[in-house]
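Just below is one structure, and these are the notes that go with it.
The values are calculated or read from the model by the stated rules, or taken from the named source; none is laboratory data. From a predicted model like this one, the values you see are computed outputs, not experimental measurements. When we count neighbours, we look across all protein chains shown, and the Cβ atoms used for this are built from the backbone with ideal geometry, even at glycine. Surface accessibility is based on the protein's heavy atoms, side chains included, excluding ligands, DNA and RNA. Shrake-Rupley method; radii C 1.70, N 1.55, O 1.52, S 1.80 Å.
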Amino acid sequence: MLTFLTAALVGGLLLMIAALVLWGVKAGDRRSHRLIAGTPMTPIGSWRPGTRRVAGQGITGSGPYGPMAGPVSGQDCAWWQVRVDRYPSRDSDDRTGWDALGVFAAPGLPSIGDGSGHVLVDARVADQAVTVNYVRSVSSVPAYVPAKLVGKMRSYEEIRLTETRLPIGREVFVVGSVQRDPAVLTPKVFTVDRRDQVLDRLAGTARSAQVVSRAFGLAGLVLAAVSAGLLSVRLG
């Protein structure tokens, strides 16, 4: 009996901890909802360097380097980035796993614009639905991959190239700040969803997390209190 009550007490405490963890994990969604709801949409042409918070709808386009092509896929885009991994891992005794060697990217940034103007944007934080991925594995290093990133390959090794590119002409909703020098938008939100869709999704996840965390917390509190009371009676 004592073992059962002790296990129940521990289980109750774990449920309460789980409730706190879930509440903390979803705190980011609540902050994002407040950020978006509190930032009115304005024309991109009105955004000025040094503006701490802006929001708007725009179309992705090329930056000062003009239209590009992803080096791995050969597909046209506004911007690209390539992650390089090597197989098998040199830290593995049984020749399994991958080594992450690094990332290289397009020389310039893409832009987003509307009828009022455009701004350069840091696309590295774009939502996965905005970008397109293309993966290719090779046994020799292509010329476009920086040699110092890979070094000398061994005969049994291969590298995996994961290209992420931002298509031209994709409509996006963004929220972020415009840096002063250089004048680049650093997004906190960069998605193909519209503003109302993003707000509805964040509100829904926040409500669900609240319901589940409260249920876990209440169940854990009751279980811990009851088991602790019974334990005190048994041991008293």
In the range 48-58, anything within 19 Å of ILE36 (Cα to Cα) and surrounded by 12 or more Cβ atoms within 10 Å (Cβ to Cβ) is listed as THR51, ARG53, VAL54, ALA55, GLY56, GLN57, GLY58
Please note which strands (runs of 3 or more DSSP E) are completely contained in the range 71-129 and include at least 2 residues that are in contact (Cβ under 8 Å) with a residue 60 or more places away in the chain.
-> 79-87, 111-114, 117-121
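Consider VAL172 carefully, then state whether it is closer than 28 Å to HIS33 by Cβ and hydrophobic (A, V, I, L, M, F, W, C). Step through it out loud before you land on a result.
Values: closer than 28 Å to HIS33 by Cβ: yes; hydrophobic (A, V, I, L, M, F, W, C): yes.
For VAL172, the condition - closer than 28 Å to HIS33 by Cβ and hydrophobic (A, V, I, L, M, F, W, C) - is met.
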Of the conditions (1) in a loop (DSSP other than H, G, I, E, B); (2) within 14 Å of VAL121 (Cβ to Cβ), ILE59 fails just one. Which one is it?
-> (1)
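Can you report the number of residues in the range 144-153 which are open to solvent by 20 Å² or more (accessible area, probe 1.4 Å) and either under 27 Å from VAL125 (Cα atoms) or not in a loop (DSSP other than H, G, I, E, B) (or both)?
The qualifying residues number 5.
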Hey, among VAL72, VAL130, which residue is closer than 14 Å to PHE190 by Cα and in contact with a Leu (Cβ under 7 Å, 6 or more places away or on another chain)?
-> VAL130
Could you list, in sequence order, all residues of the range 31-47 that are farther than 15 Å from GLN197 by Cα, open to solvent by 40 Å² or more (accessible area, probe 1.4 Å) and part of a helix (DSSP H, G or I)?
-> ARG31, SER46
Can you tell me which residue in the range 184-196 is most open to solvent (accessible area, probe 1.4 Å), limited to those that are more than 18 Å from ALA78 (Cα to Cα) and not hydrophobic (A, V, I, L, M, F, W, C)?
-> LYS188
With criteria (1) modelled with pLDDT of 65 or more; (2) among the aromatic types (Phe, Trp, Tyr); (3) farther than 30 Å from VAL119 by Cα, PHE173 comes up short on (3)
Single condition VAL72 does not satisfy, out of (1) in contact with an Asp or Glu (Cβ under 9 Å, 6 or more places away or on another chain); (2) closer than 22 Å to VAL132 by Cα; (3) open to solvent by 20 Å² or more (accessible area, probe 1.4 Å) | (3)
Hits in the range 171-183 (condition: of a type outside the set (S, T, N, Q) and surrounded by fewer than 19 Cβ atoms within 10 Å (Cβ to Cβ)) | GLU171, ARG180, ASP181, PRO182, ALA183
Single residue of the range 154-170 satisfying the filter (touching a strand residue (DSSP E or B) at 6+ places or on another chain (Cβ under 7 Å) and not in a strand (DSSP E or B)) that is surrounded by the most Cβ atoms within 10 Å (Cβ to Cβ) = ARG170
